[in-house]
Amino acid sequence: MARITAGIACSHIPVLGYAADQGKADEPPFKLAFDGFEWTRKWIAEEGRPDVVILVYNDHASAFDMNMIPTFAIGCAERFGIADEGFGPRPVPDVIGHPDLAWHIAQSLILDEFDMTIMNDMAVDHGLTVPLTMMFGAGVEAWPVRVVPLAVNVVTYPPPSGNRCWLLGEAIARAVASFDEDLKVHVWGTGGMSHQLQGPRAGLINRQWDNDFLDRLIGDTQALRHVQHIEYLREAGSEGIELVMWLIMRGALGRETRALHRHYHVPVSNSALGHLVLDPVDPTVPPSPTLEGNNEAAQAAIR
């Protein structure tokens, strides 16, 4: 049986990818940002490496644009190429998927009443590749894990609510637990923390709110699932809404978590950098609230 063994939260600030690619990670002003990932890289290499990462991120007008805006899209392909975001694709390896697990998750989520968009051809941008670089380092010939990309719309209003994202995480946990292959699975939530890229509040960073958010991902509180969009906008800036993607990761980890590692640093570009490694203390898979009638038989069919 597949099992979720850890959750990771990580900002996907594009300049970190540039710094890694150009060999500037040990230079100011980047060094302090990169130093906070040394513990995680060592932990993954020595004991925490997963077989598969379900990587929750948002696309930045690379695979999607205003003509097509899926709320939740899951990548089910064998391979995902690297997007050209205007300066050529990053010099990093293609991302290798896990189609069997991805299709299983897609089926399970749809039967669990989440309307997923299934992507069999999708380029991935810095939202997905920067976290991989931060965890595995620069200059790798191939990523040492397979990846199931899960793209979330946090660019165009309306984004999904925090509660819906948490519920999706719980549904992902059910899907993973019903997959027969013995796999160690991580769920990564990326994006954030506080930042605003335009308007009179451009450059906004809210250290207190960010750290309170990190606090509420640890333990057994579920308070974050009830934070409204307007609070993200007011306290964390217009791009702070990316933090709802972290709640998919948190919802997948079960009732209680403990922090194995925590890192917070500002500024990075014009954004705050947050990073957490979470251990599922109580990884009990929550029962589906929709297992009734015909849907119960459908769910049984995928186990």
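The values are calculated or read from the model by the stated rules, or taken from the named source; none is laboratory data. What you see is a predicted model, and the numbers here were worked out from it, not measured in a lab. Virtual Cβ from ideal backbone geometry, glycine too; neighbours counted across all protein chains shown.
Within the span defined as the range 102-111, every residue fails to be touching a helix residue (DSSP H, G or I) at 6+ places or on another chain (Cβ under 8 Å) and either farther than 17 Å from residue 179 by Cβ or modelled with pLDDT under 95 (or both).
Residue pairs whose Cβ atoms lie under 7 Å apart, separated by 6 or more positions or on different chains, with the first residue in the range 180-192 and within 30 Å of residue 203 (Cα to Cα) and the second at pLDDT 95 or above and among the acidic types (Asp, Glu), are 191/242; 192/242. With a requirement of 1 or more residues that are without any contact (Cβ under 8 Å) to a residue 40 or more places away in the chain, buried (at least 21 other Cβ atoms within 10 Å of the Cβ) and over 20 Å from the mean Cα position of the chain (by Cα), the helices (runs of 4 or more DSSP H) lying completely within the range 1-114 that satisfy it span 14-21. Suppose the filter is crowded, with 24+ Cβ neighbours inside 10 Å and touching a residue at least 24 places away in the same chain (Cβ under 8 Å); does residue 169 pass it? Yes: the conditions hold for residue 169. The residue that is surrounded by the fewest Cβ atoms within 10 Å (Cβ to Cβ), counting only those in the range 132-166 that are without any contact (Cβ under 8 Å) to a residue 60 or more places away in the chain and not hydroxyl-bearing (Ser, Thr, Tyr), is 141. Does the range 203-215 include one or more residues that are of a type outside the set (A, V, I, L, M) and more than 26 Å from residue 34 (Cβ to Cβ)? Scanning the range 203-215 turns up no residue that is of a type outside the set (A, V, I, L, M) and more than 26 Å from residue 34 (Cβ to Cβ). Looking across the range 256-280, the residues that are within 22 Å of residue 49 (Cβ to Cβ) and without any contact (Cβ under 8 Å) to a residue 60 or more places away in the chain come down to 258, 259, 262. Which condition does residue 163 not pass, out of (1) in contact with a Ser or Thr (Cβ under 8 Å, 6 or more places away or on another chain); (2) modelled with pLDDT of 95 or more, if it passes all the others? Of the numbered conditions (1) in contact with a Ser or Thr (Cβ under 8 Å, 6 or more places away or on another chain); (2) modelled with pLDDT of 95 or more, the odd one out for residue 163 is (1). State yes or no: is residue 214 modelled with pLDDT of 95 or more and under 26 Å from residue 109 (Cβ atoms)? Judged against the criteria, residue 214 is not a match.
The residues of the range 246-274 that are aliphatic (A, V, I, L, M), closer than 23 Å to residue 72 by Cβ and touching a helix residue (DSSP H, G or I) at 6+ places or on another chain (Cβ under 7 Å), listed by number, are 247, 248, 249, 252.
One residue stands out in the range 276-301 among those that are at pLDDT below 55 and in contact with a Leu (Cβ under 7 Å, 6 or more places away or on another chain): the one that is farthest from residue 166 (Cα to Cα), namely 298.
Yes or no, residue by residue, for (1) over 22 Å from residue 160 (Cβ atoms); (2) in contact with a Cys (Cβ under 9 Å, 6 or more places away or on another chain):
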position	(1), (2)
48	yes, no
67	no, no
77	yes, no
97	yes, yes
107	no, no
133	yes, no
137	yes, no
143	yes, no
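Residue check: residue 190 meets all listed conditions (1) modelled with pLDDT under 95; (2) in contact with a strand residue (DSSP E or B) (Cβ under 8 Å, 6 or more places away or on another chain); (3) not basic (Lys, Arg) but one, namely (1).
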